[in-house]
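Report on the structure given below.
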């Protein structure tokens with residue numbers, strides 16, 4: 001049994017209208033989205049990004065950043081908005097840093113993990129006493145060269161030595 005043109009048109013029109021209504025609903029939810037108390041930045045970020053994708057509207061990067069930051073909990077908002085975030089990725093990074101700093105202040109004895117890869121690699125490396133001695137020797141040689149350079153350029157031998165003595169005391 002063949003369906004009439006009118007029936008097909010109605011099905012097509014209604015389904016498209018329903019899709020548009022759903023998109024409007026996602027967009028509305030995106031606009032009103034807020035981080036919930038007790039919700040961490042990662043969870044909030046995932047929900048936020050899903051809302052942006054589902055809204056299927058043209059949303060400028062500036063709007064995304066602004067809405068993301070406005071939705072943050074007040075305890076994260078101030079630090080996350082220091083400086084201008086050029087894009088959403090930068091805003092998310094700032095929010096994560098704000099969360100990490102806040103948690104560190106509230107619970108200083110907890111280890112929140114260092115995200116710096118260079119730092120992590122250095123922590124894995126075993127340092128031998130000989131390596132420390134070599135590094136100390138190189139620093140002393142560098143200090144001597146620096147003193148000689150300043151002496152030859154400025155004739156400030158006494159001043160440079162005083163600065164070095166003061167920095168060693170700290």
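The values are calculated or read from the model by the stated rules, or taken from the named source; none is laboratory data. On a predicted model such as this, the values are computed, not experimentally measured, just so you know. Note that each Cβ is placed from the backbone with ideal geometry, even for glycine, and that neighbours are counted across all protein chains shown.
Things to note:
- Residue check, residue 51 surrounded by 13 or more Cβ atoms within 10 Å (Cβ to Cβ), under 26 Å from residue 105 (Cα atoms) and modelled with pLDDT under 90: no
- The listed residue being in the same structural domain as residue 30 (by TED's automatic domain parsing) and closer than 16 Å to residue 37 by Cβ, out of 101, 71, 83: 71
- Flag if residue 98 is modelled with pLDDT of 80 or more, assigned to a loop (DSSP other than H, G, I, E, B) and out of contact with any strand residue (DSSP E or B) (no Cβ under 7 Å at 6 or more places or on another chain): no
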